[in-house]
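*Asks:* Before anything else, here's the structure in question.
The values are calculated or read from the model by the stated rules, or taken from the named source; none is laboratory data. Source: prediction; values computed, not measured. Cβ placement follows ideal geometry from the backbone for every residue including glycine, while neighbour counts extend to all protein chains displayed.
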Amino acid sequence: MTDNKAFQAWVGTLPADKLKPKKVRKNIELSLWERVYLIEVLRGLAITSRHFFGNLVGFVVPPKGKKRKIPTVYYPEEKAVMPPAYRGRPTLVANADGTERCVACGLCEKICPAFAISIVGDERQDGSRYPGSYTLDLSRCVFCGYCEEVCPKEAIVMSEEYEGLCTTRRGDMLYTKEQLLKPVDQLQKRIDYVRRIYAKCNY
Amino acid sequence: MIADLTETIVKILFIFSINVGFYAPILGWVERKQSALMQDRVGANRANIFNFKIIGLFHPIADAVKVLTKEDFIPEGADKFFHTLAPFLSLTPAIVTFAVIPFGGAYELWGHPVKLVIADLNVGMLFIFAFASLSTYGVVLGGWSSNNNWSLLGGLRASAQMLSYEVAMGLTLIGVFMVYGSLRLTDIGMIQENFFRWGIFMQPLGFVLFFTCAIAENKRAPFDQPEAESELVAGYFTEYSSMKFVMFWMGEFLEIVTISGIVTTLFFGAWHLPFVTDQMLVSFFAGAGPNGAALLAMLVNVVVFFAKVSFFIWLMMTIRWTLPRFRYDQVMRLGWKMLLPLALINIFITGIVLLV
Amino acid sequence: MQLLMFYLLGFGAVISALLLVTNKRPVAAAMSLITVMLCLAGLYVLLDAHLIAALQIIVYAGAIMVLFLFVIMLLNIEEKSGRLSNRKIALQFVGILVVGATLIAVAGLIKISPAQVTDGFGTTEAVGKMLFTDFLLPFEIASILLLAAIVGAVILAKRRIDD
């Protein structure tokens, strides 16, 4: 509800002409100005050459400390920073003391549309449950994010990892619990995000 | 006799190395890089030698190595002879045409008159036309001999399109010839020593018409119907690979250079700087002695000419990456119903102005 | 040099003309016709008629033959198989010999003194002046004929579209 109010406040700051739906010209009849194609051609050329010269400056030698105008990320040298909404490799959340949050309820195993997760539950001395083994077959995973949506303990979330996920051997794609565990402070952003979207939509 | 022969050979080598050695490979890079910059992309920049990338300038070399080591494939049922002949027919006119385009004026070096044009023909412009019309065969034969429906359609479209725009182009240039009173391209260049007699001021409509027709003759977007990749795979050269494909490709790029050369010569003062006559250039460099002055003036003129040519190449590339492709009936309508009447009107107006 | 060029071009023209009539594939025949045109253009150049040579290439090799090829490709004419009988070939050969001999004999009868090539012969200016002074009437008649042909073609094509 608070989000909605914030949204309303934001809408209130917009100028009136921005709120009007944009007019789409559906008539096929062209004006005489557009019919004389040459002028429109010149306008088009002006637009494209503006981009060309704008990008040419600082293209051969990029200016120091200035951000490039071209949004391309030079991949192996630069890595794109993924937003929290990005669904990368699923990871198990590890508490500060290194234990997993997972209680082996099996909801993620049940919801998983690709049957990628298999859990063997176990019980500690004090009676608390934990997964004895938690296997995620990444060759089956479709990165849908149902597991994190369904998880009652915020124990599995999608991380922002997107590298090194493919191998030439299927055995390497079976991730064990130890491989899946990741400290909670690295995943806090995603946990907050998950809390926000699913709390708003579902409950 | 010997001096004349060496002069001609030197000029041929010069033009050949500029066109085939510089423009043809570099234009592939320019096309990729320029389109990238126009669309806010980066473009090819990965080819490297010892990790030196130099903004992707090694890509032409990489392309050449790649394409030369590919299999030269002739499809089943194709006409082998014509399939092999077609790329040659497409490339040769593009190279030969530059023979009559002057890339500099006339100079006196060590008592020997030098004219910077390979063949100073009396019918220079008609020579260009003749070879431009012959370049149709490469495309048509390539399309026909591939035994492929897409290729055949591309060839048919190319023949119809090039035939149509040749007519309008010829009629457009008649206005230019009426103004200059000569078909010899060196004469036309000489006349444009005076800035206010540049073709663009005397034939503005003619320039627009000629440039449009020239792009259509070149079969590049927005007139790339013969190779419309969204409709015909790759049009007439769908079935070509390896060196033969490169020949089509080089023919297209050299045609761009040739067209830019013709436009420069006819409409944009050939080798002249605005407001600077040849006499002024020579006297400006008078300190270097008579031969040195002539050489320096020659150098300036050649550089000016090729700078103009490069500008028009840039302009053609910009047009190619700006405008969407015309539909086929639009191409035909533009050619026959717009450009042709406009060319006739241009001749008419030019005639009236010349008479008055 | 000039003689050598003449013989080269002449033989080229004759051989491609022979290929034109003997070739069974229409596209190959059309291409040999283009070669004939090009050789003829070369012969014109040898005769100092540069304008005519250029026009020969532009009009015949460049425009008309492209149309020919266009039509051949559109209609997709099949190759005719089968052979001519030996008697027919012999008859044709004799016929060609007789006609050729007659032509050579007639040409020998007419005495033509080779005209001196004047300054500026064959240039665009000279041909243009000649066309618009001495040969104005034939020129205009030819234009009217062509105009009539164009109008006729348009009418023929138009009617078919309307149906």
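*Asks:* Residue by residue through the stretch C:28-66, note down the ones that are farther than 26 Å from residue B:80 by Cβ and polar (S, T, N, Q).
*Replies:* C:56
*Asks:* For residue B:155, indicate whether it is out of contact with any Gly (no Cβ under 6 Å at 6 or more places or on another chain) and either among the small types (Gly, Ala, Ser) or in contact (Cβ under 8 Å) with a residue 60 or more places away in the chain (or both). Break it down into steps so the answer makes sense when it comes.
*Replies:* Values: out of contact with any Gly (no Cβ under 6 Å at 6 or more places or on another chain): no; either among the small types (Gly, Ala, Ser) or in contact (Cβ under 8 Å) with a residue 60 or more places away in the chain (or both): yes.
Judged against the criteria, residue B:155 is not a match.
*Asks:* Now, a different point. Report those helices (runs of 4 or more DSSP H) wholly inside the stretch C:1-63 carrying at least 2 residues which are within 21 Å of residue B:145 (Cα to Cα) and in contact with a Leu (Cβ under 9 Å, 6 or more places away or on another chain).
*Replies:* The helices (runs of 4 or more DSSP H) meeting that bar are C:2-22, C:26-46.
*Asks:* Out of all the residues in the stretch B:315-324, is one or more within 13 Å of another protein chain (Cβ to nearest Cβ) and of a type in the set (Phe, Trp, Tyr)?
*Replies:* Scanning the stretch B:315-324, I find at least one residue that is within 13 Å of another protein chain (Cβ to nearest Cβ) and of a type in the set (Phe, Trp, Tyr), so the answer is yes.
*Asks:* Within the stretch A:67-103, take every residue that is polar (S, T, N, Q) and in a loop (DSSP other than H, G, I, E, B) and give me the one that is farthest from the other protein chains (Cβ to nearest Cβ).
*Replies:* Going through the qualifying residues, I end up with A:99.
*Asks:* Let me ask something else. So which of A:166, A:105, A:201 ends up being at pLDDT 85 or above and out of contact with any helix residue (DSSP H, G or I) (no Cβ under 7 Å at 6 or more places or on another chain)?
*Replies:* Exactly one of A:166, A:105, A:201 is at pLDDT 85 or above and out of contact with any helix residue (DSSP H, G or I) (no Cβ under 7 Å at 6 or more places or on another chain), namely A:105.
*Asks:* May I ask you to verify whether residue B:182 is without any contact (Cβ under 8 Å) to a residue 40 or more places away in the chain, facing chain C (nearest Cβ under 9 Å) and closer than 14 Å to residue B:219 by Cβ?
*Replies:* no
*Asks:* Residue by residue through the stretch C:53-71, note down the ones that are within 7 Å of another protein chain (Cβ to nearest Cβ) and of a type in the set (Val, Ile, Thr).
*Replies:* C:57, C:58, C:66
*Asks:* Sticking with this one: Looking only at the stretch B:186-220, how many residues end up being in a loop (DSSP other than H, G, I, E, B) and at negative phi?
*Replies:* 6
*Asks:* Also, I was wondering about something else. Please pick out the residue among B:47, B:36 that is under 25 Å from the mean Cα position of the chain (by Cα) and not aromatic (Phe, Trp, Tyr).
*Replies:* Details: B:47 fails: under 25 Å from the mean Cα position of the chain (by Cα).
Result of the check over B:47, B:36: B:36.
*Asks:* Does residue B:118 satisfy the condition of being part of a helix (DSSP H, G or I) and closer than 19 Å to residue B:15 by Cβ?
*Replies:* On the way: part of a helix (DSSP H, G or I): no; closer than 19 Å to residue B:15 by Cβ: yes.
Here the answer is no, as residue B:118 does not meet what is asked.
*Asks:* Moving on to the next point. Just name the residue that is modelled with the lowest pLDDT out of those in the stretch B:63-115 that are closer than 27 Å to residue B:155 by Cβ and among the charged types (D, E, K, R).
*Replies:* B:79
*Asks:* Ok, one more. Restricting attention to the stretch B:1-30, which residues are surrounded by fewer than 18 Cβ atoms within 10 Å (Cβ to Cβ) and charged (D, E, K, R)?
*Replies:* B:4, B:7
*Asks:* Sticking with this one: Hey, can you tell me all the residues within the stretch B:94-112 that are within 14 Å of chain C (Cβ to nearest Cβ) and either buried (at least 22 other Cβ atoms within 10 Å of the Cβ) or not in a helix (DSSP H, G or I) (or both)?
*Replies:* B:97, B:100
Yes/no per residue for (1) at pLDDT 85 or above; (2) within 22 Å of the chain's Cα centre (by Cα); (3) away from chain B (no Cβ under 14 Å):
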position	(1), (2), (3)
C:51	no, yes, no
C:73	no, yes, no
C:78	no, no, yes
C:93	no, no, yes
C:98	yes, no, yes
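*Asks:* Let me ask something additional. Return a yes/no flag: does the stretch C:5-14 have any residue that is surrounded by 14 or more Cβ atoms within 10 Å (Cβ to Cβ), more than 8 Å from chain B (Cβ to nearest Cβ), within 15 Å of the chain's Cα centre (by Cα) and among the β-branched types (Val, Ile, Thr). If you could, list the steps in order and put the result at the bottom.
*Replies:* Start the filter on the stretch C:5-14 by keeping residues that are surrounded by 14 or more Cβ atoms within 10 Å (Cβ to Cβ), which leaves C:6, C:9-10, C:12-13.
Applying the additional criterion that residues be more than 8 Å from chain B (Cβ to nearest Cβ) yields C:6, C:9-10, C:12-13.
Okay, now just the ones that are also within 15 Å of the chain's Cα centre (by Cα), so C:9-10, C:12-13.
The next check asks that each one be among the β-branched types (Val, Ile, Thr); those that pass are none.
Taking every residue of the stretch C:5-14 in turn, none turns out to be surrounded by 14 or more Cβ atoms within 10 Å (Cβ to Cβ), more than 8 Å from chain B (Cβ to nearest Cβ), within 15 Å of the chain's Cα centre (by Cα) and among the β-branched types (Val, Ile, Thr).
*Asks:* Now for a separate question. Which ones in the stretch A:39-56 are more than 7 Å from chain B (Cβ to nearest Cβ) and at pLDDT 80 or above?
*Replies:* Listed by number, the residues that qualify are A:39, A:40, A:42, A:43, A:46, A:47, A:50, A:53.
*Asks:* For the stretch B:56-93, give me each residue that is away from chain C (no Cβ under 14 Å), loosely packed, with under 12 Cβ neighbours inside 10 Å and not in a helix (DSSP H, G or I).
*Replies:* B:69, B:71, B:76
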